[in-house]
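Enquirer: Dropping a structure here in structure tokens format, bear with me for questions.
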Amino acid sequence: MTEQTPVLECRNLCISYYTRAGEIPAVVDFNLKLMPGEAHGIVGESGCGKSTVALAIMQYMGRNGAIVGGEILFEGRDMRTMSEEELRQIRGSKIAMVYQEPMASLNPAMTIGDQLAEVPIYHDGLSQSEALARAEEMLAKVRLPDPRRILRSYPHQISGGQQQRVVIAMALLSNPRLLLLDEPTTALDVTVEAGIVELINEISAEFGTSMIYISHNLGLILETCHRLTVMYSGEAVEVGDIEDVFDEMRHPYTRGLFGSIPLPGADKNAHPLMAIPGQLPLPHERPPGCNFGPRCSFFKGGLCDARALPMHPVPGDDDHRVRCERFAEIDWDRDLPKGEAKPPIKAGPVVLSVKDMTKHYAIETGGLLAMGGATRTVKANEKLTFSAREAETVAIVGESGCGKSTFAKVLMGLEDATDGQVLLGDTELGDLPVQKRTKDTIANLQMVFQNPFDTLNPSHTIGAQIGRVIRKFGVARSEEEVNEIVYRLLDTVKLPRDFAKRKPRQLSGGQKQRVGIARAFAGNPSVVIADEPVSALDVSVQAAVTELLMDIQRENRTTMLFISHDLSVVRYLADRIVVMYLGRIMEQGTTEEVFSPPYHPYTEALLAAVPIADTRVKKRHIVLKGEIPSPSNPPKGCPFSTRCPYMIPGTCDVELPPNRTFGQDHRILCHLQPSELEGMEPVISPRAEAAE
Amino acid sequence: MLKLILRRLLQMLLIMAVASLLLFAIFDTPEFKKRLAVQELGGFAVSALTEESYNAWLAEKGLDVPFHTRYLNWVGDILQGDMGFSYEKNRPVGPLLLDRLANTGILAFFVFALMIPLSLVLGILAGMKEGSVQDRTISFLSVFTTSIPEIATAILLTVVLSLGLGWLPAKAAMINGFSFRELLLPVLTLVIYDFGYVARMTRASMAEVMTSQYIRTAVLKGLPYRRVVMKHALRNALIAPFTLIVLQLNWLLSGVVVVEVFFEYDGFGKLLLEAALFPDVEVVQACTLVAVAVAVLSQIISDIGYTFLNPRIRFA
Amino acid sequence: MAVTEIEAGPSALERLSHPRALIALGLLMWLPLMSYVMGGSALGPAADYILLPAIPATLLLYVLGVRAFRESRVAVIGLTLVFFWLLAAVAAPYLPLLDPNKPIAPFVTPLSEKRDVFFWLGTDFKGRDMLSRMIWGCQRVIVWGVSATFVAYVVGALFGLISGYLSGWWDEIISFVANVLLSFPVMVLFIVILNYLGPSGFNIVVAVTFASAPAIMRIVRGLTLDIKTRDYVFAAQTRGEHPLYIMIVELLPNVRGPIIVDACLRLGYTTVAITTLTFLGLGLQPPDPDWGLMIRESAKTAMLWKFSYMLLVPALAVSSLILGFNLMADGLREMSLRD
Ligand SMILES: Nc1ncnc2c1ncn2[C@@H]1O[C@H](COP(=O)(O)OP(=O)(O)OP(=O)(O)O)[C@@H](O)[C@H]1O
Ligand code: SF4
Ligand code: SF4
Ligand SMILES: [Mg+2]
């Protein structure tokens, strides 16, 4: 092993972008050594320089970027000294890349066949027909159905998951030595992601390709890589084998990261998440010395901020290095700090109850002039039935197209329900558009939105936007009273009062989301719908916002409907869970019930698909085939029948399954016998050696 | 896709119908009827007319029947090729218009023949390397030329090339039959004014494509730069300029008015203006209708072209 | 006066850069100019003084503008060109110029003397001073051009907001009307409308509105369609805000950016249109000086190298103003792309 030359070696790599604000050092002093067949993960939050590293390895820095120092050795040769032609011959043949957004990475005006064939034509000198034949073979290898048809298709004609498989096939066509994967699954649904991850693992096993896998998700890295680099604000802060970094981390940031993601043991009452305080520094506002200094609880003035920090090897393990001056002094065995335990909340009476709520959209295939054009119905929500109690958190879980947003729209009165009932207290909301609702009803039901960049109007100050809600709901009228309440709300969401005068662009994502929360709670709502409120935020900020949301909810005994696709978060904070698929509720019950057998087959697959960043648990391996069908054309019978591993032909694809009830309120929509359902094994179980 | 095109066609027909109705209504006020009478009988005669005899005149001309009947008659006549009569030129409008349109057609042909290659090449060169010297030079050149209105361009060209250097004739009246030399100044004026706009749009489109992720993919696939530009970028970058160029036909119909009047070239634009100033009502109507028809037609061509060029729509 | 303002230091300038102060300054410049040009003889003796306050306002606006645009050289050049003409427009009555309408000596070539008067730019065929005519000539183009663009914008933006935000039938109808109007080539539409209404400044405003508003409406509609899917609009809807409130408070401020760029370009088009129409005899009427009119009047007589200055002067004047607008638009776009 020691005899081998590394496939890739980065030495003291420094990369800068040149902008109007001057030189921005995007990556500083980056080192990496990748041996043949090895998979190396790079994990870090948005803007920490992961993509920059990948593109630098490709020597593709765009117009305003440049490698300002260090070396990149590919098979022992410095790529920085290569000519454009030499680089061209390496790109796509020896080093290939897979991108985050498959749709944008494929040329919309060329057939997939043409785009694939280019690789062997230009690198191996094959003829067009030979190249196409090779492309077809490769498409079959990445397990795309009907490769011949796909060769002739344009990118927009296939689904996102299929596009990503095409991009992977393109990367593999020349049997590269090194594969760079830049967040290859971030744009995909979890169950589709699981399929791609499985494919990637098989590739590395079959072809022996070395890989660099970039992700912000520690769980994914655990499932795919041997070694790991943790990056923070342009620097690698910790490098080591997966097990070392996961179980014996030696950098306060890594530790903070693990403390702020909900792992299976976390619990919102007994073991709340421990958020990393503060926020990521902007690249040109980095502190002197340790970049993590301002957020680090071990910070020691004069030491941590004295000089640019080098990487220190961790004694006893050459391959484990950290960029921390004090790592040797810190008592790492002391338990991770945990947040204060809080008493569990007692749920009150039912506040919101939904009965057989159905929402169908009619989409016309023509416009003004296509009269008589066929109309199709999209069944966005089918017979939703569930209820939520005071102070309870009900999570609605599902992948894209499952009808989460439609449900929120009906609830908020922007769409009429086609059928069924929605009762808030004793007000029927289903067919009451928002214009007809009373002020109290509206104030009682508020929403926190997903995208922090969209949630606030960029043209108005924070104070004006919160103030408007206060006036609108009649909480207060006079200027002073309103201001007073605005300030109080800002206090509640832990923002400084002078933010009232700021415009949204002066706030970070997490801060905007806090304002969004303040706005939602301005009218003392009894029910708050939170639509993926943290999924667009940086991991280290997510925990703080989640905790804040739950604290306010706890204080006001608000009912929260938490819409999410992330089962780990849901497991952490929900009291009850509703699992949706293609507009229907597949399973509902308490968190405990949903996370343990009996499972609905879809829940089971979903649980297995969610990557968990914990070496101590074992997951059963279930990968669903295919993709989520379109809601405008759902399968007959059980909506899940096209992908279900347990599918009973002749029954499941014909007849709508019955609701099977277990325990008090645990319902599963499935044809399988109760005994079969109960006989399922738990998906997540402690690993034998760690179980003690 | 066929449905899409059919829908567009239907929409366009509707637009034509409304536009013609509008046009007819505008020129159907009592005031304009009076103008008609003045044209035919002379101003003095009309002012001497009694109410009754004026009404009789209206009846004789068929101007007293209800509006919609007259409109339908008018449309019917036009569809049969009868576009009315020009009092000023003392000719039926149909052949007159055809003559002038042919002249303008010649002008437009040369304008497009020069402008399209010029603007596309410059636009692509500029957009290929955004921010480079060649980009900034071309961009500035195109802002500069589009900033000089046609009338000013015409003056500058005439003053320099004709009055100053004496290379080209100052007017394009074609008194001694068709002369390409006379046509040159009008063509140059229109090209100089128009190419900048198309070039800028082409540049924007190209620049956007060049920064797109699929171009990055193509480069990182190890394709030669030529192939990246020719095969991956151009195809996508030219979709927008194509539709734009077709729509320039509409723009050109505006531009020719000034140029033809300034250079005294007997084309459609000059005809329209003379008719408007005279005022020769039926000529104005016919000219406008033709202009709208051309505009609408170019819109359809542009739409169909767009759907053909863009696989995202073609195979939707 | 402007000098003392500048000496008051950056903090005063800072305060003046506030939107409200800018609007006030703009009005201080614009209203006198507009009433001077549109009011004409109705102003009586006040006409002699009304433009006085506009001069410092214009200078101050220019200084503020240069400060705001300092990042883009192109924008500053454009701004300078435009403000050169604005200043000329407001200061024309107080400049030591000859009467633009008084024939003195015909066919005097530039930079020569005749009857003890030195003519920088010569005189035209009627013997009127070209320099004076050029400077006075910008007033009407600027006032009518800006007014017409403004009205077109109000109309276009209003319909664009309604059509984009309310969708459905509103959208179908408004878009259809816009399509009908857009299918007339612009100049043809101008000719038809002005032929119908008769040539005058006010009618130019009407014609420009018909010709430009549909295009503006399309732009605003597109922006609205994009912005209305944002969560803050959704939030406003879920608090039961009235559509009018959403359009004006939530949407309008956010379509402002791209619209300002387009407005600069469109000011250029309108200037072209007015000059061209006047040249064609459908726009502003004699005797008051105007660039289009200057070209029209000398187009026949000046067809000699010796007299070509009669055409060149107005042609260059109008080109420089339009270039100013276009460069401003370019610079603004560049700046908006940067951050
Ligand atoms: N073309 C560019 N010009 C200027 N700055 C840039 C450019 N590209 C990236 N940056 C900056 O460089 C830093 C690193 O960016 P990079 O895209 O590598 O981060 P990342 O870790 O991949 O983030 P993400 O998780 O969002 O993909 C960021 O601060 C970013 O703002
Ligand atoms: S160097 Fe200091 S501030 Fe930085 S991580 Fe280590 S202890 Fe914290
Ligand atoms: S009903 Fe059939 S297809 Fe549906 S989940 Fe149950 S077993 Fe699977
Ligand atoms: Mg990235």
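Enquirer: Could you list all residues from the range A:579-603 that are over 19 Å from the mean Cα position of the chain (by Cα) and hydrophobic (A, V, I, L, M, F, W, C)?
Expert: Of everything in the range A:579-603, those that are over 19 Å from the mean Cα position of the chain (by Cα) and hydrophobic (A, V, I, L, M, F, W, C) turn out to be A:L582, A:I585, A:M586, A:V594, A:F595.
Enquirer: I would also like to ask the following. Please count how many residues of the range B:174-212 are assigned to a helix (DSSP H, G or I) and open to solvent by 60 Å² or more (accessible area, probe 1.4 Å).
Expert: 5
Enquirer: While we're looking at this one, here's another question. Within the range A:200-211, is even one residue within 16 Å of ligand 4 (Cβ to nearest atom), at negative phi and outside any helix (DSSP H, G or I)?
Expert: Within the range A:200-211 (the criterion being within 16 Å of ligand 4 (Cβ to nearest atom), at negative phi and outside any helix (DSSP H, G or I)), the answer is no, since none of the residues qualifies.
Enquirer: In the range A:279-302, what residues are away from ligand 4 (no atom under 16 Å from the Cβ) and surrounded by 16 or more Cβ atoms within 10 Å (Cβ to Cβ)?
Expert: A:Q279, A:P281, A:R286, A:G289, A:C290, A:N291, A:F292, A:G293, A:R295, A:C296, A:F298, A:F299
Enquirer: Restricting the search to the range A:85-114, which residues are more than 8 Å from chain B (Cβ to nearest Cβ), within 28 Å of A:V53 (Cβ to Cβ) and not hydrophobic (A, V, I, L, M, F, W, C)?
Expert: Hits for the range A:85-114 are A:E85, A:E86, A:K94, A:Q100, A:P102.
Enquirer: Hey, another quick one. Run A:P147 past the list (1) free of Cβ contacts under 8 Å to residues at least 40 places away in the same chain; (2) facing chain B (nearest Cβ under 8 Å); (3) farther than 22 Å from A:D189 by Cα and report the number of the one that doesn't hold.
Expert: Of the numbered conditions (1) free of Cβ contacts under 8 Å to residues at least 40 places away in the same chain; (2) facing chain B (nearest Cβ under 8 Å); (3) farther than 22 Å from A:D189 by Cα, the odd one out for A:P147 is (2).
Enquirer: Another question about this same structure. State all residues of the range C:91-114 that are over 20 Å from C:K306 (Cα atoms) and open to solvent by 50 Å² or more (accessible area, probe 1.4 Å); if no residue qualifies, say none.
Expert: If the condition is that a residue be over 20 Å from C:K306 (Cα atoms) and open to solvent by 50 Å² or more (accessible area, probe 1.4 Å), then C:Y94, C:L95, C:P96, C:L98, C:D99, C:N101, C:K102 are the ones that fit.
Enquirer: Which members of the range A:305-327 meet the condition of being closer than 19 Å to A:N291 by Cβ and either within 16 Å of ligand 3 (Cβ to nearest atom) or charged (D, E, K, R) (or both)?
Expert: A:D305, A:R307, A:R321, A:R323, A:E325, A:R326
Enquirer: Further question: For the range A:245-270, what are the residues that are open to solvent by 30 Å² or more (accessible area, probe 1.4 Å), touching a strand residue (DSSP E or B) at 6+ places or on another chain (Cβ under 9 Å) and within 17 Å of A:D333 (Cβ to Cβ)?
Expert: Within the range A:245-270, A:E248, A:R250 meet the criteria.
Enquirer: Follow-up. Among the candidates B:L252, B:L272, single out the residue that is at the interface with chain C (Cβ under 10 Å from one of its Cβ atoms), among the aliphatic types (A, V, I, L, M) and touching a Cys at 6+ places or on another chain (Cβ under 6 Å).
Expert: Answer to the check: B:L272.
Enquirer: Only one of A:H226, A:H251 is farther than 21 Å from A:V539 by Cα and modelled with pLDDT of 90 or more. Can you tell me which?
Expert: A:H226
Enquirer: Only one of B:S298, B:S254 is assigned to a helix (DSSP H, G or I), under 27 Å from B:G196 (Cβ atoms) and without any contact (Cβ under 8 Å) to a residue 12 or more places away in the chain; which?
Expert: Just a single option satisfies the conditions, and that option is B:S254.
Enquirer: Is there a residue being within 14 Å of chain A (Cβ to nearest Cβ), outside any loop (DSSP other than H, G, I, E, B) and open to solvent by less than 30 Å² (accessible area, probe 1.4 Å) anywhere in the range C:259-281?
Expert: Yes, there is a match, as at least one residue in the range C:259-281 is within 14 Å of chain A (Cβ to nearest Cβ), outside any loop (DSSP other than H, G, I, E, B) and open to solvent by less than 30 Å² (accessible area, probe 1.4 Å).
Enquirer: Which of the numbered conditions does C:N179 fail, given that it passes all the others? Conditions: (1) within 14 Å of chain B (Cβ to nearest Cβ); (2) crowded, with 24+ Cβ neighbours inside 10 Å; (3) among the polar types (S, T, N, Q).
Expert: Failing condition for C:N179: (2).
Enquirer: Would you kindly identify the helices (runs of 4 or more DSSP H) lying entirely within the range B:72-166 that contain at least 1 residues that are within 14 Å of chain C (Cβ to nearest Cβ), under 25 Å from B:G177 (Cβ atoms) and touching a Ser or Thr at 6+ places or on another chain (Cβ under 7 Å)?
Expert: Counting at least 1 such residues, we get B:150-157.
Enquirer: When both residues are 6+ apart or on different chains and their Cβ atoms are under 8 Å apart, which pairs have a first residue that lies in the range A:635-648 and is under 16 Å from A:K383 (Cα atoms), and a second that is surrounded by fewer than 17 Cβ atoms within 10 Å (Cβ to Cβ) and among the hydroxyl-bearing types (S, T, Y)?
Expert: A:G637/A:T651
Enquirer: Would you say B:L120 is within 27 Å of the chain's Cα centre (by Cα) and under 23 Å from B:G255 (Cβ atoms)?
Expert: yes
Enquirer: Give me a count of the residues in the range A:667-692 that are surrounded by fewer than 19 Cβ atoms within 10 Å (Cβ to Cβ) and closer than 23 Å to A:P264 by Cβ.
Expert: Going through the range A:667-692 one residue at a time, the tally reaches 14.
Enquirer: What number of residues within the range A:567-608 are within 16 Å of ligand 3 (Cβ to nearest atom) and within 28 Å of A:M274 (Cβ to Cβ)?
Expert: Qualifying residue count, the range A:567-608: 4.
Enquirer: Within the range B:306-313, can one find any residue that is touching a residue at least 24 places away in the same chain (Cβ under 8 Å), farther than 30 Å from B:K129 by Cα and open to solvent by 10 Å² or more (accessible area, probe 1.4 Å)?
Expert: No; the residues of the range B:306-313 include none that is touching a residue at least 24 places away in the same chain (Cβ under 8 Å), farther than 30 Å from B:K129 by Cα and open to solvent by 10 Å² or more (accessible area, probe 1.4 Å).
Enquirer: Looking at A:L273, A:L228, which is the one that is crowded, with 23+ Cβ neighbours inside 10 Å, away from ligand 3 (no atom under 16 Å from the Cβ) and either of a type in the set (F, W, Y) or more than 26 Å from A:A56 (Cα to Cα) (or both)?
Expert: Going through A:L273, A:L228 in turn, the sole match is A:L273.
Enquirer: May I pose another question? Please state which of the following conditions A:K625 fails to meet, knowing it meets all the rest: (1) within 21 Å of A:G195 (Cα to Cα); (2) part of a loop (DSSP other than H, G, I, E, B); (3) of a type outside the set (F, W, Y); (4) touching a strand residue (DSSP E or B) at 6+ places or on another chain (Cβ under 8 Å).
Expert: Against the list (1) within 21 Å of A:G195 (Cα to Cα); (2) part of a loop (DSSP other than H, G, I, E, B); (3) of a type outside the set (F, W, Y); (4) touching a strand residue (DSSP E or B) at 6+ places or on another chain (Cβ under 8 Å), A:K625 comes up short only on (4).
Enquirer: Output the residue which, of all residues in the range A:422-440 that are closer than 21 Å to A:I552 by Cβ and within 14 Å of chain C (Cβ to nearest Cβ), is surrounded by the most Cβ atoms within 10 Å (Cβ to Cβ).
Expert: Checked the range A:422-440; the qualifying residue surrounded by the most Cβ atoms within 10 Å (Cβ to Cβ) is A:L424.
Enquirer: For residues in the range A:455-482 being closer than 26 Å to A:Q279 by Cβ and open to solvent by 30 Å² or more (accessible area, probe 1.4 Å), which is farthest from the other protein chains (Cβ to nearest Cβ)?
Expert: Filtering first and then ranking leaves A:T461.
Enquirer: Residues that are more than 13 Å from ligand 1 (Cβ to nearest atom) and among the hydrophobic types (A, V, I, L, M, F, W, C): does the range A:43-65 have at least one?
Expert: No, the range A:43-65 has no match at all.
Enquirer: Kindly indicate whether any position in the range A:55-64 is open to solvent by 30 Å² or more (accessible area, probe 1.4 Å) and outside any loop (DSSP other than H, G, I, E, B).
Expert: Checking the range A:55-64: not a single residue is open to solvent by 30 Å² or more (accessible area, probe 1.4 Å) and outside any loop (DSSP other than H, G, I, E, B).
Enquirer: Related question: Name the residue, out of C:I50, C:I55, that is touching a Leu at 6+ places or on another chain (Cβ under 9 Å), more than 14 Å from every other protein chain (Cβ to nearest Cβ) and without any contact (Cβ under 8 Å) to a residue 24 or more places away in the chain.
Expert: C:I50
Enquirer: Being touching an Asp or Glu at 6+ places or on another chain (Cβ under 7 Å), open to solvent by less than 20 Å² (accessible area, probe 1.4 Å) and more than 14 Å from every other protein chain (Cβ to nearest Cβ) is the requirement here; does A:V43 meet it?
Expert: no
The values are calculated or read from the model by the stated rules, or taken from the named source; none is laboratory data. Note that the coordinates shown come from a computational prediction; the quantities given were computed from them, not determined experimentally. Because the Cβ atoms are built from the backbone with ideal geometry, glycine has one as well, and the counts that use them run over all protein chains shown. Heavy atoms of the whole protein, side chains included, go into the accessibility calculation; ligands, DNA and RNA do not. Shrake-Rupley method; radii C 1.70, N 1.55, O 1.52, S 1.80 Å.
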